[in-house]
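Please treat every number below as a calculation from the coordinates, not as lab data. From a predicted model like this one, the values you see are computed outputs, not experimental measurements. Cβ coordinates were reconstructed from backbone atoms using ideal geometry, including for glycine residues, and neighbour counts include every protein chain displayed.
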Amino acid sequence: MEKLLNNKIALVTGGASGIGRACAFALVEEGASVAVCDRNEEAGTRVVDEITSRDGDAMFCAMDVAAVDSVNAGIDAVIARYGRINCAFNNAGVAGDDRFIADTTDAEWEKIIGINLTGVWSCLRREIQEMLPRGGGTIVNTASVAGLVGWRGGAAYSATKHAVVGLTKSAALEYARHNIRVNAVCPGVIETPMAAVLQQDTGGLRERLLRKHPQGRFGQAEEIAEAVVWLFSDRSSFTNGHTLTIDGGYTAR
Ligand SMILES: NC(=O)c1ccc[n+]([C@@H]2O[C@H](COP(=O)([O-])OP(=O)(O)OC[C@H]3O[C@@H](n4cnc5c(N)ncnc54)[C@H](O)[C@@H]3O)[C@@H](O)[C@H]2O)c1
């Protein structure tokens, strides 16, 4: 069967772990070459080594999405190696400290805004600049169910994810005529290293969150990767500015 992303060059931020890692493998499986961009060089290089050991094509790109110079240098390296970017998954992100607003420091707020919002902004802008002269491309941003509803104990996180939804819709409106589609995925709780804290939880948080997922379980990173592959492919050619919830029914209530 024809692969969905043959000859495509894909960039994945946060590609060293969790959702980004699963996505990197899924993209290669569909024929893409992948730039695994992350601030964790050791884990990112392991992902690339694993892909190349299976005859896939990938490169590691050291990138701190919170630093615009690092984003630009990283994307320069991807262009130097592959000459273009067809698909970009702006996915790197961090969770907060699980504190209410009155107990949240400015430093914590700035850290989350810097990575989850400014990081997506800097990547998105540069990717669009690269795609425009080359006839277009597709972009997917990782928001969250916390980008659609509030999150007790995660106001800063939720604010960044709501903002990512706004950036996604605005970018889709601005560049639809330039053959650039921009969509977002909104995962529910996914069992990745970010959610590992739930495995050790004894205070009832895990149970409370499970009850919010009508399917009675958390999601797997591969279930998000499936959606990202589809959003990158021509099979979703009329899907634009969309926020795709992949949450086991969390936001259906
Ligand atoms: N796991 C969940 O339950 C869940 C739910 C909804 C949304 N999300 C979102 O999905 C995305 C991926 O999360 P995950 O669960 O795979 O987490 P993860 O912790 O497994 O992976 C995140 C990756 O991002 C990288 N990263 C963090 N800060 C970075 C920076 N400044 N520059 C470059 N790379 C950086 C980390 O090194 C790591 O490899 C995040 O945006 C997160 O907010 C996760």
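For the peptides 9-17, 105-113, the ranking by packing is 9-17, 105-113, with the highest mean count of neighbouring Cβ atoms within 10 Å listed first. Rounded to the nearest 10 degrees, the inclination of helix 221-232 to the longest alpha-carbon principal axis of the chain is 40 degrees.
The Cβ shell under 14 Å around VAL71 holds other residues with a net charge of -3, Lys and Arg each +1, Asp and Glu each -1. Other residues with beta-carbon under 14 Å from the beta-carbon of ALA16 carry, at +1 per Lys or Arg and -1 per Asp or Glu, a net charge of -3. With a cut-off of 15 Å between beta carbons, the residues surrounding ILE101 carry a summed charge of -4, where Lys and Arg count +1 and Asp and Glu -1. Taken one residue at a time, the phi angles of the range 164-175 give Karplus couplings (6.51, -1.76, 1.60, θ = phi - 60°) of 5, 4, x, 4, 4, 5, 5, 5, 4, 5, 5, 10 Hz. Gly and Pro are set to x.
Computed over the alpha carbons of the range 185-253, Rg followed by Dmax gives 13.9, 45 Å.
Is the range 109-152 best put as rounded, prolate or oblate by its Cα gyration tensor, with a ≥ b ≥ c the root eigenvalues, rounded for a/c under 1.5, and otherwise prolate when a/b is larger than b/c, oblate when not? Judged from the Cα gyration tensor, the range 109-152 comes out oblate (a/c at least 1.5, b/c at or above a/b). Amide H contacts of HIS242: ALA184, each under 5 Å away and 5 or more positions distant or on a separate chain (H built 1.01 Å from N in the peptide plane; Pro and chain starts excluded). Using Cα-only point scatterers and the Debye equation, what is log10 of I(q)/I(0) for the range 117-253 at each q in 0.10, 0.13 Å⁻¹, rounded to two decimals? Normalising to I(0) and taking log10 leaves -0.36, -0.59. Enumerate the whole-percent occupancy of each 5 Å bin, from 0 to the last occupied one, for all C-alpha pair distances of the range 38-124. All Cα pairs considered, the percentages come to 3, 13, 18, 21, 18, 11, 7, 5, 3, 1, 0. Once the cut-off is 27 Å, how many percent of the Cα-Cα pairs in the chain end up in the long-distance tail? The proportion of pairs with Cα distances above 27 Å equals 31 percent. Enclosing the Cα atoms of the range 1-85 in their convex hull gives a volume equal to 80 cubic angstrom per residue. Please determine, in degrees from 0 to 90 and to the nearest 10, the orientation of helix 18-29 with respect to the longest principal axis defined by the Cα atoms of the chain, where the helix direction is its Cα long axis. In the chain, helix 18-29 runs at an angle near 30 degrees to the longest axis.
For a test of the definition: using alpha carbon positions, the gyration tensor, and the 1.5 limit on a/c, classify the range 87-193 as rounded, prolate or oblate. Prolate, since a/c reaches 1.5 and a/b exceeds b/c.
What is the helix-to-structure angle for 68-82, meaning the angle in degrees between its Cα long axis and the longest Cα principal axis of the chain, kept from 0 to 90 and rounded to the nearest 10? Once rounded, one gets 40 degrees. Ranked by the mean number of other Cβ atoms within 10 Å of their residues, highest first, the peptides 227-237, 59-69 fall in the order 59-69, 227-237.
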